[in-house]
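The values are calculated or read from the model by the stated rules, or taken from the named source; none is laboratory data. Small disclaimer: the values here were computed from a predicted structure and weren't measured. Here the Cβ is made from the backbone with ideal geometry for all residues, glycine too, and neighbour counts use every protein chain on show.
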Amino acid sequence: MTEESVKVAVRCRPFNQREKDRGAKLVIKMNGPVTTIANPDEPNEAPKSFSFDHSYWSHDGFIEKPDGLLVPDSQKSNYASQQKVFDDLGTGVLKNAFEGFNCSLFAYGQTGSGKSYSMVGYGVNKGIVPITCEALFEKISKNQEKFEVTFSMLEIYNEQVNDLLNKNNQKGGLQVRQHPSQGYFYAQDLKRIPVGSYKEIERRIEEGTANRTVASTHMNATSSRAHTIVTITFDQIFDSPGGGTKKSSVINLVDLAGSERADSTGATGDRLKEGANINKSLSALGNVISALAEISMGSKKKIVVPYRDSVLTKLLQNALGGNSKTIMIAALSPADINYGETLSTLRYADRAKRIKTKAVVNENPIDKLIRQLKEENEKLKAMIESGKLSLNIDQKSGTSYNKEEIEELKRKMYEEIKAQMEVNQQMIMDTNGSFKERLEKAQQETATETKENQLQEERKHKIPYLTNLNEDPILSYVICHFLDAKEIKIGRSQNSKIKLNGLGIFSDHAVICRKNNNFSLNICQIGAKVKVNGINVQQQIELNHCDRILFGSSNFYVFINPSKAESKEKRITWEQAQKEIAEAKGYSTKNSTLTKEQKLIQEEIIELLPTVTEVNAISDELNKHRLFEIIILPAIAFEDFNSKSPNEQKVMIKMTNLQTMNVWLWDKGKLMNRKYLMQDLYQRYLEGEDFLLRMKKEEDPFWESAEDLFIGLSNFFLQSLSYSMDFEDKAYISDYKVVSIFTC
Ligand SMILES: Nc1ncnc2c1ncn2[C@@H]1O[C@H](COP(=O)(O)OP(=O)(O)OP(=O)(O)O)[C@@H](O)[C@H]1O
């Protein structure tokens with residue numbers, strides 16, 4: 001057994017376009033293993049320093065090669081490329097896997113900080129997951145032993161586990177079960193696909209990403225709220241006349257949800273802050289890390305590590321505090337505006353490096369493994385037959401239960417035992433030779449899919465199509481709808497050629513017509529919302545290559561006409577498309593007459609627009625009679641007397657109850673918090689849950705109790721008071737500025 005600390009690496013990405021546009025300042029510095037962060041609001045304060053196993057500077061000092069690969073711009077450059085990160089971390093993972101240790105690699109950081117870039121990568125800049133998988137098979141091909149590799153990919157969203165290699169996940173997702181005798185947790189029925197080459201893994205990653213994209217579009221939720229776990233099981237079989245041995249390793253590669261969601265940033269004072277529990281799994285992970293760090297530092301208190309508090313921590317129990325060699329990559333944003341979040345990421349990483357895990361080599365004689373599995377199944381069978389389940393439950397929980405509860409617990413335990421017996425049986429069969437059969441079947445499937453994929457790629461060069469845009473760049477350009485008929489109906493109804501779900505989509509929503517190589521689009525009924533390049537469609541319009549189309553309020557697509565495409569065309573991004581909508585409404589940061597403050601306000605409005613549009617659409621569909629608008633107020637209205645200038649302004653959200661005309665003002669944090677609750681409410685509504693009528697008003701994210709209303713500002717002269725004089729005066733209340741009404 002080797003006890004060692006979790007290895008922690010930090011990586012700082014380049015400025016993104018938005019940060020460049022607003023002249024963002026760099027707050028991160030790296031020097032050897034030391035990373036420092038400077039507080040942009042306190043220039044005299046000493047920067048805070050942290051020290052990690054690896055510090056990767058990927059902020060600058062690089063060039064883009066003609067094929068898009070980012071490499072250091074000179075020999076002196078300290079730019080850390082994808083290859084460098086793999087050389088340091090990935091090779092270690094491989095070495096450990098070959099030695100029979102379980103390995104885990106986590107990516108942590110706020111949305112857009114570079115987690116997916118490090119883990120999966122973009123285009124030719126492949127991340128650590130694909131490079132490691134490729135290197136694994138390269139190494140396998142050079143060895144004599146027999147290997148068995150399986151691949152699985154799951155997503156945890158809202159405490160629900162979805163198998164990303166299964167198009168038809170059961171309602172409610174997969175069950176997370178606990179092994180009845182060994183205690184570890186696993187997702188029941190998760191597909192573990194046998195793979196025989198890197199190409200097969202690549203194909204499965206594509207499949208998983210496509211399923212993620214579809215789910216994210218249907219759920220109307222951003223994927224940054226989900227955790228993705230790729231698991232590779234890697235068995236080496238050493239045959240020998242005496243019966244042979246098996247060395248096993250489980251490799252977990254985890255891309256965590258954006259960390260800023262964990263504590264509902266900024267939603268202080270919202271009564272639903274706790275209820276929102278934006279990402280229960282991520283806050284639970286934080287608590288588990290803190291508990292483990294305290295234990296490793298020799299705390300005298302008796303600490304219970306709260307693995308059971310969330311699905312993520314259950315599934316990663318081993319990776320965090322058990323039999324695994326673990327690495328964490330903390331992704332850092334370089335910009336001043338993200339100072340708070342980046343500092344909290346650094347603190348998180350600092351805590352994680354104190355955790356110690358105890359990895360063991362998983363190597364056993366095959367006969368013994370089979371015997372153990374068989375014995376285990378005998379034991380489980382006996383447990384069921386003896387009916388001693390209730391006794392077990394009472395001892396474990398230490399709480400008393402009524403008769404029905406005991407029956408329910410017994411039923412659950414019974415299911416758990418049965419599920420585990422099936423898993424054991426599969427392992428016995430695999431060890432006895434059925435793995436080969438399963439591999440061949442999976443390979444046949446992959447070959448068919450690869451062929452279909454190739455055909456699709458060929459068609460993309462000939463036939464015009466719509467491809468999706470997603471807030472998460474990794475999920476953009478994944479869905480593809482070919483426009484290969486004269487008339488293509490788009491909508492919710494079954495007879496639509498392109499079936500769309502999601503907010504604001506009508507049964508028959510829009511239609512695309514083709515005449516030779518010319519395409520036009522029109523809405524199917526009044527009220528159906530479609531925007532092309534930011535402009536509402538009210539009558540038939542022509543579609544041109546690379547046009548951005550928004551159906552309803554969340555289905556974004558790009559029209560691609562391959563005959564008009566140019567080589568090396570840059571992809572349209574979701575951000576560009578959103579910006580365009582804001583510009584069409586008159587909000588742009590490009591206007592050179594704007595002051596810096598005004599530009600920041602405009603930018604905040606542009607950022608808020610998609611959310612306000614979305615919550616208005618949810619309100620419409622759920623008949624909540626609420627209207628959300630963005631308003632600008634003087635900062636002083638919030639008793640923010642620290643504001644730097646008397647003209648400083650604050651962007652707020654005004655919610656109006658359209659039945660009573662009561663009005664409430666929310667800040668951005670509260671809106672984001674409520675948006676997640678509204679999304680969840682809408683999701684449950686779509687799944688046909690009959691809860692809207694039963695829901696208490698206090699739980700409703702659209703509900704607020706009556707409160708004082710800010711209607712504007714007025715000046716009073718108090719001089720008369722000092723003379724104790726009665727004085728009558730007329731006060732003029734100046735209204736705040738309503739930016740606009742956004743219903744779509
Ligand atoms: N090391 C890097 N070098 C170059 N570009 C990077 C790097 N890291 C991130 N980026 C770019 O920054 C953007 C955001 O990165 P990424 O999508 O990986 O963030 P994320 O943390 O995974 O966000 P989310 O939580 O939304 O998934 C991407 O466009 C990506 O190409």
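Answer yes or no as to whether K84 is within 13 Å of the ligand (Cβ to nearest atom) and of a type in the set (K, R). Yes, satisfied. The numbered conditions (1) within 16 Å of the ligand (Cβ to nearest atom); (2) within 26 Å of I232 (Cβ to Cβ) are all true for M30 except (2). When we screen K171, K191 for residues that are surrounded by fewer than 20 Cβ atoms within 10 Å (Cβ to Cβ) and either in contact (Cβ under 8 Å) with a residue 40 or more places away in the chain or part of a helix (DSSP H, G or I) (or both), the only hit is K171.
Restricting attention to segment 552-567, which residues are under 20 Å from E458 (Cβ atoms) and not hydrophobic (A, V, I, L, M, F, W, C)? Walk me through how you get there before you give the answer.
Going residue by residue through segment 552-567, those that are under 20 Å from E458 (Cβ atoms) are 558-567.
Listed by number, the residues that qualify are N561, P562, S563, K564, E566, S567.
When you look at Y56, is it on the phi < 0 side of the Ramachandran plot and under 24 Å from the mean Cα position of the chain (by Cα), yes or no? Yes; evaluated as a whole, the condition is true for this residue.
Just to confirm my filter: which strands (runs of 3 or more DSSP E) fall fully inside segment 320-366 and include at least 1 residues that are over 30 Å from Q182 (Cα atoms)?
On the way: elements: 325-332, 356-359, 362-365.
Result: 325-332.
None of V85, V71 is touching a strand residue (DSSP E or B) at 6+ places or on another chain (Cβ under 7 Å) and more than 19 Å from K139 (Cα to Cα) except V71.
Taking the conditions exactly as written (buried (at least 21 other Cβ atoms within 10 Å of the Cβ) and at pLDDT 90 or above), does G114 satisfy them or not? Yes, satisfied.
Applying the set (1) within 19 Å of the chain's Cα centre (by Cα); (2) at pLDDT below 85; (3) not in a helix (DSSP H, G or I) to K301 leaves exactly one unmet item: (1). Taking V71, is it away from the ligand (no atom under 13 Å from the Cβ) and at negative phi? No: the conditions fail for V71.
Only one of E134, E138, E159 is on the phi > 0 side of the Ramachandran plot and among the acidic types (D, E); which? Let's see the steps before the verdict.
On the way: E134 fails: on the phi > 0 side of the Ramachandran plot; E138 fails: on the phi > 0 side of the Ramachandran plot.
That would be E159, the only listed residue that is on the phi > 0 side of the Ramachandran plot and among the acidic types (D, E).
The set of residues in segment 472-497 that are crowded, with 18+ Cβ neighbours inside 10 Å and of a type in the set (A, V, I, L, M, F, W, C) comprises I474, L475, V478, I479, L483, I488, I490.
Checked against the criteria, F98 does not count as within 14 Å of the ligand (Cβ to nearest atom), of a type in the set (A, V, I, L, M, F, W, C), assigned by TED's automatic domain parsing to the domain that holds N16 and out of contact with any His (no Cβ under 6 Å at 6 or more places or on another chain).
Can you say whether S58 is in contact with a Cys (Cβ under 7 Å, 6 or more places away or on another chain) and among the hydroxyl-bearing types (S, T, Y), as far as the supplied structure shows? Write out each step before concluding.
Details: in contact with a Cys (Cβ under 7 Å, 6 or more places away or on another chain): yes; among the hydroxyl-bearing types (S, T, Y): yes.
For S58, the condition - in contact with a Cys (Cβ under 7 Å, 6 or more places away or on another chain) and among the hydroxyl-bearing types (S, T, Y) - is met.
Let's see how each residue does on (1) within 30 Å of K358 (Cα to Cα); (2) at pLDDT 90 or above:
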residue	(1), (2)
S5	yes, no
Q17	no, no
K20	no, no
V27	no, yes
M30	no, yes
V34	yes, yes
P43	no, no
A46	no, yes
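Which of the residues spanning segment 479-507 are more than 18 Å from A617 (Cβ to Cβ), assigned to a loop (DSSP other than H, G, I, E, B), within 34 Å of the chain's Cα centre (by Cα) and of a type outside the set (A, V, I, L, M)? Working first, answer last.
Filtering segment 479-507 down to residues more than 18 Å from A617 (Cβ to Cβ) leaves 479-489, 493-499.
Still in the running and assigned to a loop (DSSP other than H, G, I, E, B): 479, 483-486, 493-497.
In the following step, the residues that additionally are within 34 Å of the chain's Cα centre (by Cα) were identified as 479, 483-484, 493-497.
Scanning segment 479-507 gives D484, S493, Q494, N495, S496, K497.
Picking from residues in segment 116-142 that are over 22 Å from T233 (Cβ atoms) and not in a strand (DSSP E or B), the one that is farthest from the ligand (Cβ to nearest atom) is V124.
Report, by residue number, each residue of segment 242-288 that is touching a strand residue (DSSP E or B) at 6+ places or on another chain (Cβ under 9 Å), away from the ligand (no atom under 16 Å from the Cβ) and at pLDDT below 80. Don't jump to the end; show me each part of the working.
Going residue by residue through segment 242-288, those that are touching a strand residue (DSSP E or B) at 6+ places or on another chain (Cβ under 9 Å) are 242-257, 259, 270, 279, 281-282, 285.
Filter once more, so that each one left must be away from the ligand (no atom under 16 Å from the Cβ): 242-252, 270.
Answer for segment 242-288, where residues must be touching a strand residue (DSSP E or B) at 6+ places or on another chain (Cβ under 9 Å), away from the ligand (no atom under 16 Å from the Cβ) and at pLDDT below 80: G242, G243, D270.
Considering each of N44, N39 in turn, give the residue that is over 25 Å from the mean Cα position of the chain (by Cα), surrounded by 14 or more Cβ atoms within 10 Å (Cβ to Cβ) and part of a loop (DSSP other than H, G, I, E, B).
On the way: N44 fails: surrounded by 14 or more Cβ atoms within 10 Å (Cβ to Cβ).
After ruling out the rest, the residue left standing is N39.
Please state which one of I505, I488, I474 is within 24 Å of R684 (Cα to Cα) and β-branched (V, I, T). Spell out the reasoning first.
Numbers: I488 fails: within 24 Å of R684 (Cα to Cα); I474 fails: within 24 Å of R684 (Cα to Cα).
Step by step, each of I505, I488, I474 is checked, and only I505 is within 24 Å of R684 (Cα to Cα) and β-branched (V, I, T).
Taking segment 515-524 as the range and being at pLDDT 90 or above and either assigned to a loop (DSSP other than H, G, I, E, B) or touching a Pro at 6+ places or on another chain (Cβ under 8 Å) (or both) as the test, the residues that pass are F519, C524.
Exactly one residue out of V129, V120 is under 20 Å from A257 (Cα atoms) and crowded, with 23+ Cβ neighbours inside 10 Å: that is V129.
Somewhere in segment 566-575, is a residue among the aromatic types (F, W, Y) and farther than 20 Å from K499 by Cβ? Yes: segment 566-575 contains one or more residues that are among the aromatic types (F, W, Y) and farther than 20 Å from K499 by Cβ.
Taking the numbered list (1) part of a loop (DSSP other than H, G, I, E, B); (2) crowded, with 18+ Cβ neighbours inside 10 Å in turn, Y56 passes all entries but (1). Filtering segment 645-675 down to residues that are modelled with pLDDT under 85 and part of a strand (DSSP E or B), which residue is nearest to A617 (Cα to Cα)? Filtering segment 645-675 for residues that are modelled with pLDDT under 85 and part of a strand (DSSP E or B), the one nearest to A617 (Cα to Cα) comes out as K650. Just one of the numbered conditions (1) among the β-branched types (V, I, T); (2) touching a residue at least 24 places away in the same chain (Cβ under 8 Å); (3) farther than 26 Å from Y348 by Cα is not true of V27: (3). Only residues that are outside any helix (DSSP H, G or I) and either within 16 Å of the ligand (Cβ to nearest atom) or surrounded by 13 or more Cβ atoms within 10 Å (Cβ to Cβ) (or both) were counted in segment 422-471, giving 9.
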